[in-house]
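Enquirer: Before we start, here is the structure in question, set down as structure tokens.
A short reminder: the numbers here are calculations on the coordinates, not readings from a lab. This one's a predicted model, so the numbers in the text were calculated from it and none came from an experiment. Glycine gets a Cβ as well: all are built from the backbone with ideal geometry, and neighbour counts include every protein chain shown.
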Amino acid sequence: MQTPQNIRVHKEDRILEIVWAEEDVSRLPFRLVRQSCRCAACVDEFTGRQVLNKDSVSEMISAEEVSLTGNYALKIRWSDTHDSGLFTWDHLRSISDLLNNVER
Ligand SMILES: [Zn+2]
């Protein structure tokens, strides 16, 4: 598992910046991260199907509070009051890779 060297929260740009390595920095839009939440309220535990309607996540979504959980995940309290999701490094890495694929 890859562990970030640094994490920066850019509230004004709505970007979660994850420094994986010197030349490997991911800039993840808050909205994309929020849409990728895998908690029990957003994803059906049994089928793995996403219950969250991605369109319902505001463009203006903000991360009110970002904190470390152990040394394996981030806990994010969103401006829509949702805070039950944990974003593990693996999960954030997969969001980063997804974003890179889209941009290519
Ligand atoms: Zn969730």
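Enquirer: Taking only Cα atoms, what is the 0 to 90° angle, nearest 10, from helix 89-103's long axis to the longest principal axis of the chain?
Expert: 80 degrees
Enquirer: Given an 8 Å cut-off on Cα distances and at least 6 residues of separation, report the relative contact order of the chain as a percent.
Expert: 22 percent
Enquirer: On to the next question. All other residues with a Cβ under 14 Å from the Cβ of Arg77 taken together, and with Lys, Arg as +1 and Asp, Glu as -1, what is their net charge?
Expert: Overall, the nearby charge balance is -1.
Enquirer: Please work out whether segment 6-103 counts as rounded, prolate or oblate from its C-alpha gyration tensor, where a ≥ b ≥ c are the square roots of the eigenvalues and a/c under 1.5 means rounded, while otherwise a/b larger than b/c means prolate and anything else oblate?
Expert: Note, shape of segment 6-103 comes out rounded.
Enquirer: Compute, for the chain, the length of the dipole vector about the Cα centre, with Cβ point charges of +1 (Lys, Arg) and -1 (Asp, Glu) only. Units Debye, rounded to 20.
Expert: Magnitude of the dipole: close to 160 debye.
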